[in-house]
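S.K.: The structure is given below, and queries will be raised subsequently.
Each value in this text was obtained by applying a stated rule to the coordinates, not by laboratory testing. Keep in mind that this is a model prediction, so the values were computed, not measured. Please note: Cβ atoms are built from the backbone with ideal geometry, for glycine as well, and neighbour counts cover all protein chains shown.
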Amino acid sequence: MPGTAVQVHWRLPPVPDECWLRIFAYLEATELSAAAELCAVAPTLARQTKLWLDLLCGDFCTSFTQRALLRAWLTLHPFLHPRELYVFKRREHLLSLDMARADLRQRGEQAREQERKQRRLRLLNCILVRATNLLLCISLLATSILLWLRLDRVVPWGFYTIFAPLLAFEVFMLITCSIAMTIYCLRSSSGWTFYWNRLRGGIRWLILYTSPWEGAIILLLSCSVLPLLACALEGDALLPRPSPRFVLPFGMFWLASLSFFVSMARRGSFSASCVGTFALLGLPAVSLSVLLFLRLAAFPQMPAYVIFAPSIGVTCLLLIFVGFLVVASCWLGWRGNRDWTEYAAIMLLTMLSLLLPLLLFQLAILAHLNGRLSANGIFLPWLLWLLGLLAWAAWHACTPLALAPTVPIDHLTRPWRQPEREPQSDTELLLPPMTGFV
């Protein structure tokens, strides 16, 4: 009749059941379930225990142990058909797949977030370290050129203009200090802890070895020395006339040095680097400033060699010590350890590029004050040395930054994967070979 749905019943051809079982054995679980709806006889054949047991063993029980456990479980639960166990296993497998996909998406988000943090950290460290070194070399070179031109009376500019590059660098240092202080104050949150623990630069070192607010005070006092010195050189008296003209810049320098050393002593930061910095940089700089202030304010007849005696003596001691390290490291490297050879090369480079030019510069100033050397003899080697430092800083700023050490996302150990590493020194070759899993 029109408008009536006609239901068609299929009937399997008269083939023995063993043949149909052979055919059904090649079907997957979904296909076997669909084949059970062909006719009235098909459900009985599609629910054969052997078919579903073979599917269980092929899909979920590939090892001998798993198959033995499966047969033992079915023996203990004879009322449960293997098809129901297969459905349960498949649902469990699909749930595991969903969990694995969710975990994979989460790991992908973590990896992308980690990469974004790494990019921000590389940019931040590039500003705090490489850009700082580059701007320092540029400002020193520009100020030295302007001061040379002023002393040769080529330009009549004032000391405010001459010190303008260094003043701009001080403004940059104050900005970077505020950034580092902000990261330090926000380090309690999980997002900023990543940046603070991997931050580089002298500002972080100052905060760690003093305190945040003491470091900010020390930096402000240090940055106020140059403007006050420019005021004193220009004759803009900031104090009443009977007081010495250079008392403010020298006083700020002494106050900054005293605050730094008192803060280190209060925090108990007596590491080897701190003690070395105090003995090799702090004491000579303070003694030089005191003697120079006494010559400018009270004793104009003080000999120039007395003023430079502490700094020249410390520089000579450093040269002797570094030279001894170079000789000892070369001898150890010649004995077969390449780490000492690299250390000797670094020490020799430090001696030739830093300590020796610094000693020659002090001797040149001493000769100029005694009237034995002109200003050109001081500034020309000084500018060449600064150009070399500027070239190094520019090259260092253009090289890519190394990735900061991060915690791996996957914390699972893989004992079957042997670490592929090269020995870092020849000493490791003397160790016995590693056995077993690491």
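S.K.: Could you let me know the centre-to-centre spacing of region 361-383 and region 104-153, using Cα atoms, in angstrom?
M.R.: 33 Å
S.K.: Can I ask one more? What is the calculated FRET efficiency for Leu384 to Thr182, with r their C-beta to C-beta distance and R₀ = 35 Å, to the nearest 0.05? Let's see the in-between values first.
M.R.: Numbers: r = 39 Å, r/R0 = 1.12.
After rounding to 0.05, the efficiency reads 0.35.
S.K.: State whether region 227-380 is rounded, prolate or oblate according to the following rule on the C-alpha gyration tensor (a ≥ b ≥ c being the square roots of its eigenvalues): a/c under 1.5 gives rounded; otherwise a/b larger than b/c gives prolate, and the remaining case gives oblate.
M.R.: Verdict is oblate for region 227-380.
S.K.: So, one more: For region 246-388, build the charge dipole from Cβ charges (+1 Lys, Arg; -1 Asp, Glu) around the Cα centre, then report which of Leu255, Leu318, Leu387 sits farthest towards its positive end.
M.R.: Looking along the dipole axis, the top candidate is Leu255.
S.K.: Could you sort the peptides 239-247, 360-368 by per-residue average Cβ neighbour count (10 Å cutoff), highest mean leading?
M.R.: Those peptides, ordered most packed to least, come out 360-368, 239-247.
S.K.: Still on this structure, please answer the following. Taking the highest mean first, how do the peptides 175-181, 106-112 order by number of other beta carbon atoms within 10 angstrom per residue?
M.R.: Highest to lowest by the protection proxy: 175-181, 106-112.
S.K.: Same structure, new question: Taking the Cα centre of region 34-87 as origin, work out the dipole magnitude from +1 charges on Lys and Arg Cβ and -1 charges on Asp and Glu Cβ, in debye rounded to 20.
M.R.: 180 debye
S.K.: Treating only the Cβ of Lys, Arg, Asp and Glu as charged (+1, +1, -1, -1), what charge dipole size does region 46-199 show about its Cα centre? Round to the nearest 20 debye.
M.R.: 420 debye
S.K.: Say the dipole of region 75-118 comes from +1 at the beta carbon of Lys and Arg and -1 at that of Asp and Glu; which of Ala111, Phe88, Ala100 then lies farthest toward its positive end?
M.R.: Ala111
S.K.: When ranked by the protection proxy of mean other Cβ atoms within 10 Å per residue, highest first, what sequence do the peptides 372-382, 183-193 form?
M.R.: 372-382, 183-193
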